[in-house]
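Read through the structure below, which is laid out as structure tokens, and then see the notes.
Read-outs throughout are calculated quantities, based only on the coordinates presented, and are distinct from any laboratory measurement. Owing to the predicted nature of the structure, the values given are computational and were not obtained by experimental measurement. Note: ideal-geometry Cβ built from the backbone for every residue, glycine included; neighbour counts use all protein chains shown.
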Amino acid sequence: MILLPLALLAMQDTPPPEVDWDEEFGVEERVRNPETGEFPVDPYEQDNNNAGAHPFAGTNMAQAFGGQDGIRRIAERAVELSRQDPRIAEIFVAHDMVRLKRTLFEQFCYILNAGCDYTGRDMAAAHEGMGVRTSDMNALVENLQQAMQEEGIPFSAQNRLLAKLAPMSKNVIGN
Amino acid sequence: MKKIHALAAWATSLVLFANPANAQDEEAGAPPTSGQGLFEGGKLLLTNGVSSVEGASGGGIATWATIGGLEAESGIGLTGHVTLVELPDYGWQSHGVAIGIANRLELSYARQNLDTRDVGTALGLGEGYTFNQDVFGAKVRVFGDLIYGDPLIPQVSVGIQHKRSRDAAILQAVGAGSAEGTDFFASASKLFLSRSVLASATARFTSGNQGGLLGFGNAADKGRELRFEGSVAYQISRRAVLGAEFRSKPDNLGLGEDDWMDIFAAYALTDHITLTAAYADLGSIATFEDQRGAYLSAQVAF
Ligand code: HEM
């Protein structure tokens, strides 16, 4: 009779068997690519048309934005500001900011005709099911404006880039 | 000059009033991803327009297709404003409020007061006789977006403004047909980001004499006409715009009523306060010509 409680005690001490919950629930482990630091995404067709706008002609805009270096700082800063912005931070949780910084840079660089190809997804696919609203879009625009302002981009040039992005709202808002 | 002091005091009290709200926003910090608040705001600076002299969101003398207040989603936005125009022979003062519902419907009220000063004596009304009018407005955004969507499709709104002068007896003597009238209008407005230019055009079906302050139509004729008003504004920064406006008007009383125009500068002092200064040319008012002067307006918006 005294053996049963002892046996129970002994059982408690044994560590629980390793359960791979990811396995149980069919979650594939996401591993960042050691080279790019990005998570893999489902395959899609790469095409500059995915950028959602035709690039500017000539090099004025690329110059106004400080070339690829300036554009990269602006894209990265806009992403950083947005993920820290209490109005929209939640939307960025659990998304790959490494990839977003790269693809957003490529998109701006391509549109500003600063010598890049855009390798990301199209705007509809990228924002599907995100529930972005006009006010979220405005928050993102404000953050981008701040990033451009910090780089000293003239206001009229800022607006010319925004003019390329604004029509994409139909594939971003309420998607 | 006294009026200008009054405006400054009013604006200061707005700053004091608006700032605690700001502080609260920051303190509350994070109800993340913007719930479904009543006064959530969310419009870009200046894209709510300022308050026109009739109380509707617009420029100063022209109405725009914009919906007043800062609400961009399903909640409610509010504005309040006061406007002074200092003319050679008259003093204009107006103030009002507007509510914007879900960035779709705007309801507005404005009170206009035109002080005739010495002209009052000359016209036999008595010195400082003041014409007063209430304007009740409603505006609905029909389609389009000021900023987003197709760059060639503007935001389009339609609306009415019901105006009630408080000077019925005198207006009859002046020859106006009625002391009450209703304007119908359709507006199209768009921010052309590629040029940093906001353009707005409005067609107004109106019989108002001096916008209604001198009544509506004349004794013989209701005098309803289709008239045009428009604004062009250039954005120099997120906070500042420069622009010009024009508004054509009927001349039902045969007093040589002129079109209105102005050049203006608007500045978003804070996210909630916009100041507008303009040089306005209101032409001839009740036979007193060349009424040009300073226009000052302060708007607070949530
Ligand atoms: C016109 C405006 C916008 C542009 C041009 C834009 C651009 C982009 C680009 C280039 C990508 C990467 C696509 C890819 O991974 O292949 C992306 C993804 C993303 N965007 Fe936007 N975006 C816009 C508006 C917004 C707004 C308003 C939000 C939220 C407030 C937002 C949130 C996101 C998020 C969270 C991702 C990551 C998606 C993922 O990980 O799958 N975007 N966007």
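Values computed for the structure shown
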quantity: Listed peptides B:116-128, B:45-57, A:148-160 by packing density, highest first (mean Cβ within 10 Å); calculated: B:45-57, A:148-160, B:116-128
quantity: Extreme residue, positive dipole direction of the protein assembly as shown, given options B:Asn113, A:Cys116, A:Asn60 (C-beta unit charges); calculated: B:Asn113
quantity: Footprinting exposure proxy for B:Lys139, B:Lys249, B:Lys43 (fewest neighbouring C-beta atoms within 10 Å first); calculated: B:Lys249, B:Lys43, B:Lys139
quantity: Farthest positive-ward along the range B:49-181 dipole, Cα basis, beta-carbon charges - from B:Leu84, B:Val53, B:Phe143; calculated: B:Phe143
quantity: Potential lengthening between B:Phe39 and B:Arg164 on full extension [0.36 nm per residue; Cα-Cα distance subtracted]; calculated: 41.9 nm
quantity: Flagged links, alpha-carbon separation over 18 Å, of B:Lys190/B:Lys249; B:Lys222/B:Lys249; B:Lys139/B:Lys249; calculated: B:Lys190/B:Lys249; B:Lys139/B:Lys249
quantity: B:Phe228 long-range amide H proximity, modeled H, under 5 Å; calculated: B:Arg204, B:Ser248
quantity: Phi to ³J(HN,Hα) by Karplus 6.51 cos²θ - 1.76 cosθ + 1.60 over the range B:245-253, Hz, x for Gly, Pro; calculated: 9, 8, 8, 8, 9, x, 10, 6, 8
quantity: The range A:34-94 and the range B:175-205: distance between their alpha carbon centers, rounded to Å; calculated: 39
quantity: At R0 = 30 Å, FRET efficiency that the Cβ-Cβ distance of A:Asp20 and A:Asp42 yields, to 0.05; calculated: 0.80
quantity: GNM top mover of A:Val132, A:Val41, A:Val79 - chain A, alpha-carbon springs below 10 Å; calculated: A:Val41
quantity: The protein assembly as shown: calculated mean residue ellipticity at 222 nm from DSSP helix runs of at least 4, using -39500 (n - 2.57); calculated: -8000 deg cm²/dmol
quantity: Paramagnetic label zone (point 7 Å from Cα along Cα-to-C-beta, B:Ala244; backbone N under 18 Å) in the range B:257-283; calculated: B:259-266, B:277-283
quantity: Chain A: most fluctuating residue of A:Leu112, A:Leu162, A:Leu144 per GNM, C-alpha cutoff 10 Å; calculated: A:Leu162
quantity: Test item: A:85-92 mean partner chain Cβ contacts at 10 Å; calculated: 4
quantity: Under Karplus coefficients 6.51, -1.76 and 1.60, residue-wise ³J(HN,Hα) of the range B:272-284 in Hz, glycine/proline x; calculated: 10, 10, 10, 10, 10, 10, 9, 10, 10, 10, 9, x, 8
quantity: Total charge dipole magnitude, chain A, about the Cα centre, Cβ charges on Lys, Arg, Asp, Glu only, Debye to nearest 20; calculated: 1100
quantity: In sequence order, calculated HN-Hα J values of the range B:46-56 (Karplus, 6.51, -1.76, 1.60; Hz; x Gly/Pro); calculated: 6, 7, 8, x, 10, 9, 6, 5, 9, x, 6
quantity: Under 5 Å, built H, 5+ apart or other chain: amide partners of B:Gln291; calculated: B:Leu282, B:Gly283, B:Ser284, B:Ile285
quantity: Most mobile of B:Val156, B:Val197, B:Val82 in a GNM of chain B (Cα contacts under 10 Å); calculated: B:Val197
quantity: Which of B:Leu255, A:Gln107, A:Leu162, positive extreme of dipole for the protein assembly as shown (C-beta unit charges); calculated: B:Leu255
quantity: Förster radius 25 Å - calculated FRET efficiency between B:Glu86 and B:Ala138 (Cβ-Cβ, nearest 0.05); calculated: 0.25
quantity: Label-point separation, A:Thr119 to A:Lys170 (7 Å along Cα→Cβ), nm; calculated: 3.0
quantity: Label-point gap, in nm, between B:Val197 and B:Phe228 - each point 7 angstrom along Cα→Cβ; calculated: 1.5
